[in-house]
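Notes follow once the structure below has been shown.
The values are calculated or read from the model by the stated rules, or taken from the named source; none is laboratory data. Model, not experiment: these values are computed from the prediction. In this analysis, Cβ positions are derived from the backbone assuming ideal geometry, glycine residues included, and neighbour counts consider all displayed protein chains. Just the protein is used for accessible areas: all its heavy atoms, side chains included, with ligands, DNA and RNA removed. Shrake-Rupley method; radii C 1.70, N 1.55, O 1.52, S 1.80 Å.
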Amino acid sequence: MKKTVFLLTFLVFACNSTPKEKDVTEEEPINVIDIEAEKEAINQLRASFQQAIKEKRYSELGQYATADMKGVSPGSTDWLEYRKQREARLGKFSYDSIIMSPEETVVVSDSVAYDYGVSKVYYTNDKGESIELEDTFLVILKKDKSDNRWKIHREVASAIVE
């Protein structure tokens, strides 16, 4: 009997002293995204970008894009004429202004979002005339981890505006 009591006591202590495994139902805390705050930051990016163009601060435009930004502009006749004139100016950026009117801004995650809408671009041609170009755009934005700011990562634009 003493052996049985000793054995039972030993088993009780042995079972209680083993490390408990982590409950598999426990979840890691979820990173909550303040969607409205992120959309406001994207709106601010867009406004600052437009203002820099209007003020002809072209050298500052790089701060609004990721280092590996890529874009595709419209291929219509009027856009091709703009590109031809830009190349004649040694490829220098030459918009007089741009008005971007987003129809949809979606924050996909804490580091990716997109902006979809239409824009009007204004430039002065080689005859001194003000030209308006329209496009539909889709811009993919990424949040830069170094400064926690949204930046343009990809842009695709079409001359078809609906």
> Counting only the heavy atoms of the protein chains, how much of Lys70 is accessible to a 1.4 Å probe, in Å² to the nearest 10?
Replying inline: 130 Å²
> At what distance in angstrom do the alpha carbon centres of segment 109-149 and segment 76-107 lie from each other?
Replying inline: 9 Å
> When the dipole is taken about the Cα centre of segment 35-158, and only Lys, Arg (+1) and Asp, Glu (-1) are charged at their Cβ, what size is it in debye, to the nearest 20?
Replying inline: 480 debye
> When only DSSP loop residues count, what trypsin sites (Lys or Arg not before Pro) in segment 79-138 have their Cβ near at most 16 other Cβ atoms within 10 Å?
Replying inline: Arg89, Lys92, Lys127
> How about segment 55-162: which chymotrypsin sites (Phe, Trp or Tyr not before Pro) there are in a DSSP loop, with at most 16 other Cβ atoms within 10 Å of their Cβ?
Replying inline: Phe93
>> Which order do you get for Glu36, Glu55 if you rank them by accessible area with a 1.4 Å probe, largest at the top?
In response: Glu36, Glu55
> With the other protein chains left in place, how much accessible area per residue, in square angstrom, belongs to segment 35-158 at a 1.4 angstrom probe?
Replying inline: 58 Å²
